[in-house]
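Only one structure is covered here, and it is reproduced in the block below.
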Amino acid sequence: MGRSLVRALFPDEVLLRSNYRGGSSKIDKNAAKRPSLDSGIMKAIKEPVMQKFPNDFKQVLFGMVINNVMTELRRQNKLADFGSKFTLRLLKMLISPGLVFGLLNTF
């Protein structure tokens, strides 16, 4: 529930550059500090999740899930970016004059 609300209420650009509470990466110490998500929107997301799951809700797990949404989106974005760069390089290689001339001579 929280995952889908975060995806619906924040644009991808915001999710790609942010994390739940803001701050530095605990994994990559050289990574840039990320801004936090809007606290008002996050409170509006957290309230219905807490109401729907009153016995199971844990703040730590909620934050972890939200950060996982953003990490997953960054990974997908990185893979898509790699795929488009790879396709562009492949097209440039195929369209290179030497290759085109060589292909024309084979017919």
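Read the figures in this text as sums done on the coordinates, not as results from a lab. All values reported here derive from a predicted model rather than from experimental measurement. Using ideal geometry, Cβ is built from the backbone for each residue, glycine included, and neighbour counts are taken over all protein chains shown.
Listed values, structure above:
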quantity: Sites L79 and Q51, calculated FRET efficiency, Cβ-Cβ separation with R0 41 Å, nearest 0.05; calculated: 0.70
quantity: Centroid-to-centroid separation of region 39-63 and region 1-20 [C-alpha atoms, Å]; calculated: 14 Å
quantity: Net charge, L73 excluded, C-beta distance under 12 Å - Lys, Arg +1, Asp, Glu -1; calculated: +3
quantity: Net length gained if the chain between R7 and A31 were fully extended (0.36 nm per residue, minus Cα distance); calculated: 6.3 nm
